[in-house]
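K.L.:
Before I ask anything, here is the structure I am working with.
The values are calculated or read from the model by the stated rules, or taken from the named source; none is laboratory data. Remember, it's a predicted structure, so these values are computed and weren't measured experimentally. Cβ sites come from the backbone with ideal geometry, for glycine too, and all protein chains shown count toward neighbours.
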Amino acid sequence: MDSKTVVDMIEASSGVHFSGFHMDGLEVRNKETGQPTISAAENLHRQPFVIGVAGGAASGKTTVCDMIIQQLHDQRVVLVNQDSFYHNLTEQELARVHEYNFDHPDAFDTEKLLSSMEKLRHGQAVDIPNYDFKSYKNNVFPARRVNPSDVILLEGILVFHDSRVRELMNMKIFVDTDADVRLARRIRRDTVEKGRDIATVLDQYSKFVKPAFDDFILPTKKYADIIIPRGGDNHVAIDLIVQHIRTKLGQHDLCKIYPNLYVIHSTFQIRGMHTLIRDSQTTKHDFVFYSDRLIRLVVEHGLGHLPFTEKQVITPTGAVYTGVDFCKRLCGVSVIRSGESMENALRACCKGIKIGKILIHREGDNGQQLIYEKLPQDISERHVLLLDPILGTGNSAVQAISLLLRKGVPESNIIFLNLISAPQGVHVVCKSFPRLKIVTSEIDIGLNEDFRVIPGMGEFGDRYFGTDDDDQQVVIRSQ
């Protein structure tokens, strides 16, 4: 076998069997390669990666989904079950429930499923019905709130049947399990979970389940990009799928447009800290504590983009260790006053580092006025870490960067560090200064009519330093 990567094998394996992993032309939707305009960025949001998982009843679809979710532990993943969208049975249908075909396409409210999926794809939370298989109603239990996520797993026997549903998917998986195995699992599941007797299960299987599989489910196998024999027992196939998904989620869409933009890798820890500092009910103490943790991560990531030189040292064992030497000519510049919240993390990482100050006053919606600067005299000879926790419109960032350039700092020597960025600000800064680097921990949806980042975290400086706009004669906002 050659040295192709897993992703290369996945993308090149059209129509080829590989370790029980059958590919039928895996389709990956292309992203726009041109640079979007600022107006286009206003509607920019990260599209989720939608995976459809189909197969016969009791084929192991849920097991496959659970294994994917478990392995994608550092991404936001939600599961949507087609079973949640069964129609409520009428009184007449309830009276003859054993004659009702739950495996027929007409048993599902496909319109409601489509509506829910479209909302999730466009960044809106939805309430998914919680269907009760004993009363055959979807209003017995409270609905399940599902929030927008990086990955949406849509699982069900007939999720490939309707072309409109198929078109929502980035990847389509068909779980192919032997009919005898599926029947044995169905008997065990329906008798234990749904309280049915074996005779009823077998009667329903022969009348409805098997004919529906042959007529409606098996024909949709041809739409699958990936066919997994043996379901959850096929660990090789699931591992390859997970690696492919991780590759597709590894970069924010804007990182593919701007090579000088870096978003630190998201984990549950980072998502949890963002959740806390964005919560309007979080106390000042917790806001400062978790903001400091996030800032430290951003600073450490930013330092990793500085130039290093190789250095060899002798260890206490007398052995030689080949490592690197830190960049010596470095300074920080904080945009007053929110940027000052990032100074302690920088000092903790870089002993004795010089830190300059820039004060930019916001005038109206877009106007910016530079009213103060205090920078190291030899700043033109240093690499500069520009500190501002929020990148909104990008206007004050442009002012600060332009000042550094006038002071003789090479554009390529500037690394702009912030906690959250709006796409509009990213476009403005990256297009204006393509040789500097931006390092951020998360990119938000955009700006509202007041030019504030949404969902955002409010006025960062006020929350961090415990002040209020009403107490300030001059309002300084980080843009």
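K.L.:
If a residue has to be modelled with pLDDT under 90, surrounded by 16 or more Cβ atoms within 10 Å (Cβ to Cβ) and part of a helix (DSSP H, G or I) to count, how many in the range 69-112 make the cut?
P.N.:
Summing the residues that are modelled with pLDDT under 90, surrounded by 16 or more Cβ atoms within 10 Å (Cβ to Cβ) and part of a helix (DSSP H, G or I) in the range 69-112 gives 2.
K.L.:
Now, a different point. Among the residues that make up the range 267-279, is at least one of them within 22 Å of Leu386 (Cβ to Cβ), crowded, with 17+ Cβ neighbours inside 10 Å, of a type in the set (A, V, I, L, M) and in contact (Cβ under 8 Å) with a residue 24 or more places away in the chain?
P.N.:
yes
K.L.:
Then there's this: Report whether or not Arg296 is at pLDDT below 95 and not hydroxyl-bearing (Ser, Thr, Tyr).
P.N.:
Numbers: at pLDDT below 95: no; not hydroxyl-bearing (Ser, Thr, Tyr): yes.
No; evaluated as a whole, the condition is false for this residue.
K.L.:
Counting just the residues of the range 150-171 that are closer than 20 Å to Ala212 by Cβ and in a strand (DSSP E or B), which one comes out farthest from the chain's Cα centre (by Cα)?
P.N.:
Ranking the candidates gives Glu155 first.
K.L.:
Of Gly364, Gly352, Gly339, which residue is surrounded by 24 or more Cβ atoms within 10 Å (Cβ to Cβ), assigned by TED's automatic domain parsing to the domain that holds Val263 and at pLDDT below 95? Reasoning before the result, please.
P.N.:
Working: Gly364 fails: surrounded by 24 or more Cβ atoms within 10 Å (Cβ to Cβ); Gly352 fails: surrounded by 24 or more Cβ atoms within 10 Å (Cβ to Cβ).
Going through Gly364, Gly352, Gly339 in turn, just one is surrounded by 24 or more Cβ atoms within 10 Å (Cβ to Cβ), assigned by TED's automatic domain parsing to the domain that holds Val263 and at pLDDT below 95: Gly339.
K.L.:
Restricting attention to the range 118-170, and to residues there that are touching a Leu at 6+ places or on another chain (Cβ under 7 Å) and closer than 23 Å to Arg186 by Cβ, which single residue is surrounded by the most Cβ atoms within 10 Å (Cβ to Cβ)?
P.N.:
Across the range 118-170, the extreme among qualifying residues is Leu153.
K.L.:
Report yes if Tyr223 is touching a Phe, Trp or Tyr at 6+ places or on another chain (Cβ under 7 Å), over 22 Å from Pro129 (Cβ atoms) and in the same structural domain as Pro105 (by TED's automatic domain parsing), otherwise no. Give the steps one after another, and end with the answer.
P.N.:
Values: touching a Phe, Trp or Tyr at 6+ places or on another chain (Cβ under 7 Å): yes; over 22 Å from Pro129 (Cβ atoms): yes; in the same structural domain as Pro105 (by TED's automatic domain parsing): yes.
Yes: the conditions hold for Tyr223.
K.L.:
Let me ask something else about it. Within the range 311-328, track down each residue that is surrounded by 13 or more Cβ atoms within 10 Å (Cβ to Cβ) and either at positive phi or touching a Lys or Arg at 6+ places or on another chain (Cβ under 7 Å) (or both).
P.N.:
none
K.L.:
Among the residues of the range 31-53, is there at least one that is at pLDDT 90 or above, surrounded by 13 or more Cβ atoms within 10 Å (Cβ to Cβ), within 26 Å of Asn139 (Cα to Cα) and not acidic (Asp, Glu)?
P.N.:
Scanning the range 31-53, I find at least one residue that is at pLDDT 90 or above, surrounded by 13 or more Cβ atoms within 10 Å (Cβ to Cβ), within 26 Å of Asn139 (Cα to Cα) and not acidic (Asp, Glu), so the answer is yes.
K.L.:
Name the residue that is farthest from Gly356 (Cα to Cα), counting only residues in the range 305-325 that are assigned to a loop (DSSP other than H, G, I, E, B) and in contact with a strand residue (DSSP E or B) (Cβ under 9 Å, 6 or more places away or on another chain). Explain how you work it out, then say what you get.
P.N.:
Taking the range 305-325 and keeping what is assigned to a loop (DSSP other than H, G, I, E, B), we get 305-308, 315-319.
Retained after the next criterion (residues that are in contact with a strand residue (DSSP E or B) (Cβ under 9 Å, 6 or more places away or on another chain)): 305-308, 315.
Details: His305: 20, Leu306: 19, Pro307: 21, Phe308: 23, Thr315: 37 Å.
Among residues in the range 305-325 that are assigned to a loop (DSSP other than H, G, I, E, B) and in contact with a strand residue (DSSP E or B) (Cβ under 9 Å, 6 or more places away or on another chain), the one farthest from Gly356 (Cα to Cα) is Thr315.
Per-residue answers, yes or no, for (1) loosely packed, with under 15 Cβ neighbours inside 10 Å; (2) farther than 21 Å from Val299 by Cα; (3) at pLDDT 90 or above:
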residue	(1), (2), (3)
Leu370	yes, yes, no
Lys374	yes, yes, yes
Leu385	no, no, yes
Ile390	no, no, yes
Ala400	no, no, yes
Leu403	no, yes, yes
Gly408	yes, yes, yes
Asn418	no, no, yes
His427	no, yes, yes
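K.L.:
Counting only residues that are of a type in the set (Val, Ile, Thr) and in contact with a helix residue (DSSP H, G or I) (Cβ under 8 Å, 6 or more places away or on another chain), which one in the range 169-193 is farthest from Asp233 (Cα to Cα)?
P.N.:
Residues of the range 169-193 that are of a type in the set (Val, Ile, Thr), as a first pass: 173, 175, 177, 181, 187, 191-192.
Pick out the ones that are also in contact with a helix residue (DSSP H, G or I) (Cβ under 8 Å, 6 or more places away or on another chain) and you get 173, 175, 177, 187, 191.
Details: Ile173: 15, Val175: 11, Thr177: 10, Ile187: 20, Thr191: 23 Å.
The selected residue is Thr191.
K.L.:
Restricting to helices (runs of 4 or more DSSP H) lying wholly in the range 382-465: which have 2 or more residues that are within 30 Å of Arg121 (Cα to Cα)? Steps first, answer last, please.
P.N.:
Details: elements: 395-406, 423-432, 460-465.
In the range 382-465, the matching helices (runs of 4 or more DSSP H) lie at 423-432.
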